[in-house]
Amino acid sequence: DTGVSQNPRHKITKRGQNVTFRCDPISEHNRLYWYRQTLGQGPEFLTYFQNEAQLEKSRLLSDRFSAERPKGSFSTLEIQRTEQGDSAMYLCASSSYRDRINYGYTFGSGTRLTVV
Amino acid sequence: GEDVEQSLFLSVREGDSSVINCTYTDSSSTYLYWYKQEPGAGLQLLTYIFSNMDMKQDQRLTVLLNKKDKHLSLRIADTQTGDSAIYFCAAEDMRFGAGTRLTVKP
């Protein structure tokens, strides 16, 4: 297993376009998290899944953002009608959650989005 | 307020010890974590501590936990220029603050 994999590494898009990012977690991990990070800030929580169920979504998350994890394995994060303020690094992390403990929490290298 | 609070900047000389402090709010956490982020990279797990421990040592890293005050610290002994990075603490709710930018001067 090569860890958490995110694709693409970089994405440049024009304002108003839709973009989709993919995250492949560590295979035995049941939890998957999405974060957004801008320069000088820590990762801002967006949403997380346990298996295929989306258990929490940040109140700050615009309706233009949607995430899926249809088979409980990989996940996609889509941003519709992108705005310049969406430019950021989008980070994915996965973990094995059992008996109320989060094991092996691991981040991917992120997808850097630039909206022009 | 923030789930996690840390000082934003720390500057030390190579060879000195660095101490990075953190206060958190998630009192139900079983584990608490320290992550390191280098420029342009994702977060790398450095170390973690089980909540019923006061201290954990891992080579140059020492983690101290004061559960009553919800205070966590990371001490890096013999700090090297390669330790320059942003350091984040996190409880199990996996919410992060702005992190502490450690600069190591030669």
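The values are calculated or read from the model by the stated rules, or taken from the named source; none is laboratory data. These figures come from a predicted structure and were not determined experimentally. Glycine also receives a Cβ, built like all others from the backbone with ideal geometry; neighbour counts cover every protein chain displayed. These accessible areas exclude ligands, DNA and RNA; they are computed on the full protein's heavy atoms, side chains included. Shrake-Rupley method; radii C 1.70, N 1.55, O 1.52, S 1.80 Å.
Listing for the model above:
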quantity	calculated
Label-point gap, in nm, between A:GLU68 and B:ASN21 - each point 7 angstrom along Cα→Cβ	4.8 nm
Reduction of at least 50 Å² in accessible surface, 1.4 Å probe, comparing all protein chains with the chain by itself, residues of the stretch A:87-116	A:ILE101, A:ASN102, A:TYR105, A:PHE107
Contour excess over end-to-end distance, with Cα ends at A:ASN30 and A:THR2 and 0.36 nm allotted per residue	8.4 nm
Residue-count net charge about A:SER87 - beta-carbon cut-off 11 Å; Lys, Arg +1, Asp, Glu -1	+2
1.4 Å probe, heavy atoms, protein only - residues of the stretch B:15-47 losing at least 50 Å² accessible area vs chain alone	B:LEU43
Surface accessible to a 1.4 Å probe, B:SER73 within the full protein complex, Å²	10 Å²
Accessible surface of the stretch B:1-102, 1.4 Å probe, proportion on carbon and sulfur as whole %	47 percent
Pairwise burial B:A, computed as accessible area of each alone minus the pair, summed, 1.4 Å, Å²	1400 Å²
Peptides ranked, highest mean first, by Cβ atoms within 10 Å: ranges B:90-102, A:38-50, A:12-24	B:90-102, A:38-50, A:12-24
Alpha-carbon spread of the protein assembly as shown, three principal axes, descending order, Å	49, 42, 37
Eligible lysines near A:LYS71 by straight Cα distance, threshold 29 Å, same-chain separation 8 or greater	A:LYS11, A:LYS57
The stretch B:1-78, Cα convex hull volume normalised per residue, Å³	111 Å³
Volume per residue that the Cα convex hull of the stretch B:33-106 spans, once the total is divided by residue count, Å³	98 Å³
Percent of Cα-Cα distances greater than 14 Å, calculated over the stretch A:1-70	67 percent
Relative contact order (%) - chain A, alpha-carbon pairs under 8 angstrom, separation at least six	36 percent
Average accessible surface area per residue within chain B, 1.4 Å rolling probe, Å²	49 Å²
